[in-house]
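Structure, as structure tokens:
Any read-out appearing in this document is the output of simple, stated calculations on the displayed coordinates, not a laboratory observation. Since this is a predicted model, take the numbers as computed values, not measurements. Virtual Cβ from ideal backbone geometry, glycine too; neighbours counted across all protein chains shown.
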Amino acid sequence: MSGHEGFSLAVLVWCVLGAAVLPLLFFITAPYGRFSRKGWGPTLPARAAWVLMESASALTTAAAFALGDRHSGVALVFFVMWQGHYVYRAWVFPLLLSKGARPMPLSVVAMGASFNLVNAYFNGRWLFQLSPGYEPSWLTDPRFVVGAALFIGGLATHVRADQVLRKLRSPGQTGYRIPYGGLYRYVSCPNYLGEMVEWAGFALATWSLPGLSFAFWTMANLLPRAVSSHRWYQAEFPEYPKERKAVIPFVL
């Protein structure tokens, strides 16, 4: 088996694992944020937890880029796209969290960091070491153009949804409130919707199996959590808007 074949097989196995995890996450919700609960071991402050968990992806991808030999202009665009998301998730988002954010179990941080490391390794290894390379003309290919537009739109949706949630609380306030405005008019979790669209766009823009696997894993993680969050809002707030869906407008 060649190195390329072994790599592709590993990515396919990773996808199969994601397919197995997807249904389980409709019954087991990760214990952080509004779903925090005891019994998951020692915890870390929320800001430190998010930095450790998300930095794994940014640093792994940076290492893959530095050690690889695919440094074309297109490869650099993909690197900037990936890092643009994870600079926000690893260093901007945690700093914007309120000081009262609930701590996260260390076990969840370890699982999240491992997940990010695997996805970053697969995508970084492909884009910067194993791929046949992307010609400059790829930047005008419809797959890249549409994919990049989805990525940018998804990231903007994700960041905007986080901003709306932060503004629900004044300094010193705790507890949860019903978010309104923007895509919150249609779904309970536009932040998750944005992230799923984002990585679907990246998969299309790179036209790669690792990109597709990450998009699938993102959906496998966030779709069940969005459904759980939607049900939580409905149970917590009797006045919660009945027309809202969980994550896909008018559908789910």
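Hey, rough spin-label estimate for F237 and F27, points 7 angstrom out along Cα→Cβ, what's it come to in nanometres? Calculated label separation equals 3.1 nm. With the helix formula -39500 (n - 2.57) applied to DSSP H stretches of n ≥ 4, the chain reaches a computed 222 nm mean residue ellipticity of -21000 deg cm²/dmol. Convex hull volume of the C-alpha atoms in the chain, normalised per residue: 134 Å³.
Under a Gaussian network description of the chain, with springs only between Cα atoms under 10 Å, the residue in R125, R185, R47 that fluctuates furthest is R185. Scoring 236-246, 53-63 by mean Cβ neighbours within 10 Å over their residues and listing the highest first yields 53-63, 236-246. The simple Förster model, with R0 at 25 Å and r as the Cβ-Cβ distance, assigns L95 and K38 a FRET efficiency of 0.35.
Measuring nothing but how far apart in sequence close Cα pairs (under 8 Å, 6+ apart) lie, relative to its length, the chain scores a relative contact order of 24 percent.
Mind pulling the angle between the C-alpha long axis of helix 142-166 and the longest principal axis of the chain? Nearest 10 degrees, somewhere in 0 to 90. So the inclination is approximately 30 degrees.
Taking a sphere under 12 Å around the Cβ of G153 and counting the other residues whose Cβ falls inside, with K and R at +1 and D and E at -1, yields a net charge of -1. Remark: V80, V21 ranked as V80, V21, counting other beta-carbon atoms within 10 Å and listing the fewest first. Judged by the mean number of other Cβ atoms found within 10 Å, the most tightly packed of the peptides 22-34, 220-232 leads the ranking 220-232, 22-34. When each of the peptides 141-149, 153-161 is scored by the mean number of other C-beta atoms lying within 10 Å of its residues, the order from highest to lowest reads 153-161, 141-149. In this structure, the residue pairs whose Cα-Cα separation is over 28 Å, taken from K99/K245; K167/K242; K167/K245, are K99/K245.
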